[in-house]
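All remarks here apply to the structure that follows.
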Amino acid sequence: MKFTTKLIHAGFDSDPLTGAVTVPIYQVSTYKQEAIGKHKGYEYSRTGNPTRAALEALIAELEGGARGLGFASGLAALTTILMMFDAGDHLVIGDDVYGGTFRLQDKIFRRFGLEATYVDTSEATRVTAAIQPNTKALLIETPTNPLLKVTDLAAMGQIARQHHLLFIVDNTFMTPYWQRPLEHGADIVWHSATKYLGGHSDVVAGLVVAKDPAVGERLAFLQNAAGGVPGPQDCFLLMRGIKTLAVRMKEHEANAHKLVAWLGARPEVRKVYYPGLPAHPGHEVQRRQAGGFGGMISFDVGSGDLADQILRRVRLFTLAESLGAVESLIEVPARMTHASIPADRRNELGVTDGLIRISVGIEDADDLIADLAHAMG
Ligand SMILES: Cc1ncc(COP(=O)(O)O)c(C=O)c1O
């Protein structure tokens, strides 16, 4: 079955009770047992719920893994993944990962003895150099946020295999429509499904897929034991969103290409960060490992004042954190999503006060360009 067909049909045939063609919202916490332990596969909705089960089967098939698991948010998903490790274990993590990923390890799991070294994973030698005898996993994101740095998944997969590490990838930016890390050596993929998978800014959720059934089983144990699961209504909304993933992702990217071309010709714009640009240092790797370049763009307008003016004047772009929905969003990472990073470190990374990040929606590109032109003018 081709990927676009899977988006519509995977994980669910029709409701066995009624023939309903979409998954009913099983808004239920517990299930009648005919005798002790004799039931129809469901006992209690933290452990399993039919609406969530359809979503979990769907994402497992889309990412090409053995087991899918649903969570109440992307960070609830990562929390559960990190619970696989013990005090004294060490992780190698990308230095440009989502701020909440850093915060979760640095401010919470570190207190329980889970150590980490943060490195630029776009350079394989740095990753190898950071591995210690107690390193258990390599955790990356590609492309990263907000600078869209690309990491070679196959090279990381090879390093992980050589050193017996679990290779974990945050695939939020690309989604399985563009990129399937399990096909390039990853063991676990996770998502903030709040973003492109949901796609409509109306649900907060997380998803995890394990390549190996034993890893999936361990994660399912932790999912039930720790309990960060999504409700059935959110699972339903996610499945509804995922049905249109292919059409949305194509539109996001087509619009992104038009905006990148326009931004590149503007005198106010010092630099455009987009992996689809042939001059982008990760362009070739991205071409090799992904089907597309996505809908996220960052650009530097040289000063915080001009960035402020643009954000004040836009009408169509919404000033907001988050990304990946049908409507276009705009933000200044230095003062919003990445404000927790110290200023000198931000400047070192290139996250300057004049850096603007946009999540390109699926509106008409001409309207988006007119909005930015007015805001810059
Ligand atoms: C790349 C990435 N990963 C993970 C997360 C966390 O997901 P959630 O907000 O659903 O907990 C986010 C949220 O912004 C993100 O952008």
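Here is how the numbers come out for the structure above:
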| read-out | value |
| --- | --- |
| Residue within segment 274-287 that is without any contact (Cβ under 8 Å) to a residue 12 or more places away in the chain, basic (Lys, Arg) and more than 24 Å from THR194 (Cα to Cα) present | yes |
| Top-ranked residue of segment 140-176 - restricted to ones that are in a helix (DSSP H, G or I) and without any contact (Cβ under 8 Å) to a residue 40 or more places away in the chain, ranked as nearest to the ligand (Cβ to nearest atom) | MET156 |
| Matching residues in segment 299-327 - criterion: being surrounded by 20 or more Cβ atoms within 10 Å (Cβ to Cβ) and within 16 Å of the ligand (Cβ to nearest atom) | LEU323, GLY324, ALA325 |
| Any chance ALA72 is under 25 Å from ASP234 (Cα atoms) and touching a residue at least 40 places away in the same chain (Cβ under 8 Å) | yes |
| Filter result (of a type in the set (A, V, I, L, M), in contact (Cβ under 8 Å) with a residue 12 or more places away in the chain and part of a loop (DSSP other than H, G, I, E, B)) within segment 312-345 | VAL314, LEU316, LEU323, ALA325, VAL326, VAL332, MET336, ILE341 |
| Selection status of GLU251, of a type in the set (Asp, Glu), assigned to a helix (DSSP H, G or I) and not assigned by TED's automatic domain parsing to the domain that holds SER29 | yes |
| Selection count where residues are over 11 Å from the mean Cα position of the chain (by Cα), of a type in the set (Val, Ile, Thr) and under 15 Å from PHE167 (Cα atoms), scope segment 198-213 | 1 |
| Single match in GLU56, GLU61 (criterion: within 23 Å of PRO232 (Cβ to Cβ), surrounded by fewer than 22 Cβ atoms within 10 Å (Cβ to Cβ) and either away from the ligand (no atom under 15 Å from the Cβ) or among the charged types (D, E, K, R) (or both)) | GLU61 |
| Residue in segment 295-328 that is nearest to GLY354 (Cα to Cα), counting only those that are modelled with pLDDT of 95 or more and polar (S, T, N, Q) | SER303 |
| Spans of helices (runs of 4 or more DSSP H) in segment 67-135 with at least 2 residues away from the ligand (no atom under 13 Å from the Cβ) | 124-130 |
| Members of segment 183-198 found to be surrounded by 24 or more Cβ atoms within 10 Å (Cβ to Cβ), more than 11 Å from the ligand (Cβ to nearest atom) and touching a residue at least 40 places away in the same chain (Cβ under 8 Å), listed by number | ILE188, VAL189 |
| Long-range neighbours under 6 Å by Cβ, at least six apart or interchain, first residue touching a residue at least 12 places away in the same chain (Cβ under 8 Å) within segment 85-96, second assigned to a loop (DSSP other than H, G, I, E, B) and not polar (S, T, N, Q) | PHE85/LEU114; ALA87/GLY113; GLY88/GLY113; ASP89/LEU114; ASP95/ASP120; ASP96/LYS149 |
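Here's the yes/no breakdown for (1) within 22 Å of ILE25 (Cα to Cα); (2) in contact with a helix residue (DSSP H, G or I) (Cβ under 6 Å, 6 or more places away or on another chain); (3) part of a helix (DSSP H, G or I):
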| site | (1), (2), (3) |
| --- | --- |
| SER201 | yes, no, no |
| HIS280 | no, no, no |
| GLN286 | no, no, yes |
| GLY302 | no, no, no |
| ILE310 | no, yes, yes |
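This table checks each residue for (1) under 27 Å from VAL150 (Cα atoms); (2) among the hydrophobic types (A, V, I, L, M, F, W, C); (3) at pLDDT 95 or above.
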{"site": "ALA72", "(1), (2), (3)": "no, yes, yes"}
{"site": "ALA77", "(1), (2), (3)": "yes, yes, yes"}
{"site": "ASP86", "(1), (2), (3)": "no, no, yes"}
{"site": "ILE93", "(1), (2), (3)": "yes, yes, yes"}
{"site": "VAL97", "(1), (2), (3)": "yes, yes, no"}
{"site": "GLY100", "(1), (2), (3)": "yes, no, no"}
{"site": "LEU114", "(1), (2), (3)": "yes, yes, yes"}
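The values are calculated or read from the model by the stated rules, or taken from the named source; none is laboratory data. Note that the coordinates shown come from a computational prediction; the quantities given were computed from them, not determined experimentally. Please note: Cβ atoms are built from the backbone with ideal geometry, for glycine as well, and neighbour counts cover all protein chains shown.
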